[in-house]
Amino acid sequence: MEAIDLWEGNSMKEVEKDQEAAISKLSAIAEEDLDSLRLLAQWHLSMDAIEEAVVTWKTAVTTFQHVESMMLIAEYYYSNGELDETVEYWTLAAGHQHPKAILNLAQYYQSRDICFDIESDLYKYTKLAADLGCSKSLRLLAEWSTLIEDEDSEPTNQVDLFVKAGVAGDIQSYIRAAYILYHGIGVPRDGERAMTLFLKAARSASNPSLVSLGHAYSTGQEGLVNENPEKAFQLYSEGLLTGDTNAYLYLAHCQWTGKGCDQNRELARENYHRAVDNGVNIALPCLARCYVQMDHVDRVRARSYLSKFIAENMDECYKKDLSGEVLDKILDEME
């Protein structure tokens, strides 16, 4: 192509590089050929002629309904803060099922203070974005499902939508679905499935919920789960791996009693120490118990842990009544 020879220069054809002439040549034929329009836009960009590139993209849109050009124009307007024009070209691209355009429009309408309406662009693009697996859009559809009087408004579908949002990465949606099932809100109560979803949420985020779920299995909660000490110990262990240092305390409880695991009081004492070292001071009385009940009794250390716990957790008016003799009586009862 003669225009390319001019753009790059071609010594074999004895054509000198002349980019202005190349653009002129290509412009003369570009309107009839999409590839030429795209190349012309690239040349404009390389010369920092952004507005000329936009004009070329608009020709590609008008003549060929070129979706990539729609998105490039939208990006140009967005970078210049021209939101109405941006939305116009996102909408054109969304009409051709462009995923990014749909997601952008969903985010745009969700960010505005718009009342829910099934006929609105808010609902339209949220639903399309949900079909693409957008977690926020799935969660919003779940929240709106009780407002829609059609086949999608069944409460069971609301649970399924929350679960889909959870799978897509919105952890709170797992918890919302679990709450509905646990309390039987519009659906039959299903404690087992609720617990499964609570577990999914807990395992998908580094938070204390694994330890909380461990408590549920440790004691058993009617309508939710049966007592399962082994499961509780497993969840405490998982909680520790996510960084919840409270888990040291509950692992130590299990190891001290042998509930849910092999009894190992030496290891229990180590974990009580780790709990205290990480600021879980409720473990202090447990450490005191260790030092009066285990083979190598150390009442001095036991008393110091008990005193520290009292100093940090009791009001001044009660501390004065806890003389050394009283502390010794408490330790005697621990034995």
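What about ILE29, is it assigned to a helix (DSSP H, G or I), at pLDDT below 95, of a type in the set (A, V, I, L, M, F, W, C) and out of contact with any Cys (no Cβ under 8 Å at 6 or more places or on another chain)?
yes
Which residues, counting only those in the range 114-137, are part of a helix (DSSP H, G or I) and of a type outside the set (Phe, Trp, Tyr)?
ASP121, LEU122, LYS124, THR126, LYS127, LEU128, ALA129, ALA130, ASP131, SER135, LYS136, SER137
Of all residues in the range 115-142 being acidic (Asp, Glu) and surrounded by fewer than 16 Cβ atoms within 10 Å (Cβ to Cβ), which is modelled with the lowest pLDDT? Walk me through it before giving the result.
Restricting attention to the range 115-142, the residues satisfying the condition of being acidic (Asp, Glu) are 117, 119, 121, 131.
Applying the additional criterion that residues be surrounded by fewer than 16 Cβ atoms within 10 Å (Cβ to Cβ) yields 117, 119, 131.
Numbers: ASP117: 79, GLU119: 83, ASP131: 90.
Restricting to residues being acidic (Asp, Glu) and surrounded by fewer than 16 Cβ atoms within 10 Å (Cβ to Cβ), the top hit is ASP117.
Hey, among the residues in the range 143-155 that are open to solvent by less than 70 Å² (accessible area, probe 1.4 Å) and over 21 Å from GLY166 (Cα atoms), which one's modelled with the lowest pLDDT?
Restricting to residues being open to solvent by less than 70 Å² (accessible area, probe 1.4 Å) and over 21 Å from GLY166 (Cα atoms), the top hit is ASP150.
From the list LEU267, LEU284, exactly one residue is under 19 Å from ASP244 (Cα atoms), open to solvent by less than 50 Å² (accessible area, probe 1.4 Å) and not aromatic (Phe, Trp, Tyr). Which is it?
Among LEU267, LEU284, only LEU284 is under 19 Å from ASP244 (Cα atoms), open to solvent by less than 50 Å² (accessible area, probe 1.4 Å) and not aromatic (Phe, Trp, Tyr).
Could you count how many residues in the range 60-113 are assigned to a loop (DSSP other than H, G, I, E, B) and surrounded by 15 or more Cβ atoms within 10 Å (Cβ to Cβ)?
Total satisfying the criteria: 2.
Step by step: first the residues of the range 197-235, then only those that are loosely packed, with under 15 Cβ neighbours inside 10 Å and at pLDDT 80 or above, then the one that is nearest to TRP144 (Cα to Cα). Which residue is that?
GLU227
Could you please find all residues in the range 45-59 being farther than 16 Å from TYR78 by Cβ and open to solvent by 80 Å² or more (accessible area, probe 1.4 Å)?
ASP48, GLU52, VAL55
For the range 236-251, give me each residue that is open to solvent by 20 Å² or more (accessible area, probe 1.4 Å) and at negative phi. Step through it out loud before you land on a result.
First pass over the range 236-251, keeping only residues open to solvent by 20 Å² or more (accessible area, probe 1.4 Å): 237-238, 240-243, 245-246, 248, 250.
Selection gives SER237, GLU238, LEU240, LEU241, THR242, THR245, ASN246, TYR248, TYR250.
So which pairs qualify, if the first residue must be in the range 70-92 and within 16 Å of LEU105 (Cβ to Cβ), the second must be basic (Lys, Arg), the Cβ gap must be under 8 Å, and the two must be at least 6 apart or on different chains?
Cβ pairs passing all conditions: MET71/LYS100; ILE73/LYS58.
The values are calculated or read from the model by the stated rules, or taken from the named source; none is laboratory data. What you see is a predicted model, and the numbers here were worked out from it, not measured in a lab. Cβ: placed from backbone, ideal geometry, glycine included. Neighbour counts: every protein chain shown. Quick note on the areas: whole protein, heavy atoms, side chains included, nothing else; ligands and nucleic acids left out. Shrake-Rupley method; radii C 1.70, N 1.55, O 1.52, S 1.80 Å.
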